[in-house]
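For reference, the structure is listed below as structure tokens.
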Amino acid sequence: MNATERPYTLYGCEVSCFTAKVRVAMRYKRLFMEEKRAELPKILKRTGLACIPVVTTPEEEVWQDSSEIIDRLEARHPSPLLYPESPLIARSVDSHSASRAVLRSPSRHLASAIGSIPQS
Ligand SMILES: N[C@@H](CCC(=O)N[C@@H](CS)C(=O)NCC(=O)O)C(=O)O
């Protein structure tokens with residue numbers, strides 16, 4: 001959980017594999033978080049780009065791009081470590097994690113972190 005009472009908010013969509021990638025990372029790290037379906041006008045207003053996923057932090061920072069988001073989460077919440085310690089292998093894992101193939105056959109450790117977002 002975060003030290004603060006405010007959650008991270010993940011804005012995305014249930015069919016987005018990039019959103020799923022961030023969801024898995026946040027759940028694996030057991031962060032205090034909520035997920036909301038992205039609405040284009042709000043995303044554009046926050047980021048200037050019509051692209052998901054977007055994460056807002058408890059401090060109201062706005063983060064975009066799944067790899068960037070995960071790097072920042074890893075830096076803030078290093079335990080449990082998501083990526084292998086070797087930078088080369090870590091980059092390789094990141095590239096593969098964006099593919100649906102990996103999401104269809106998640107590792108045993110990440111499987112329990114995968115789930116769907118609320119329908120409303
Ligand atoms: N580099 C971005 C790519 C995000 C991206 O392509 N998002 C949208 C377009 S806004 C998309 O079509 N995603 C497909 C998907 O998430 O499955 C990231 O990693 O977050």
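Residue pairs whose Cβ atoms lie under 9 Å apart, separated by 6 or more positions or on different chains, with the first residue in the stretch 73-88 and loosely packed, with under 10 Cβ neighbours inside 10 Å and small (Gly, Ala, Ser) and the second at pLDDT 75 or above and in a loop (DSSP other than H, G, I, E, B), are 79/29. Once the stretch 6-19 is narrowed to residues that are over 22 Å from residue 79 (Cβ atoms) and crowded, with 21+ Cβ neighbours inside 10 Å, the residue that is farthest from the ligand (Cβ to nearest atom) is 11.
Screening 44, 40 for residues that are over 21 Å from residue 80 (Cβ atoms), over 12 Å from the mean Cα position of the chain (by Cα) and either of a type in the set (S, T, N, Q) or near the ligand (Cβ under 10 Å from one of its atoms) (or both) leaves exactly one candidate, 40.
The values are calculated or read from the model by the stated rules, or taken from the named source; none is laboratory data. Keep in mind that what you see is a predicted model, and the values were worked out from it rather than measured. Because the Cβ atoms are built from the backbone with ideal geometry, glycine has one as well, and the counts that use them run over all protein chains shown.
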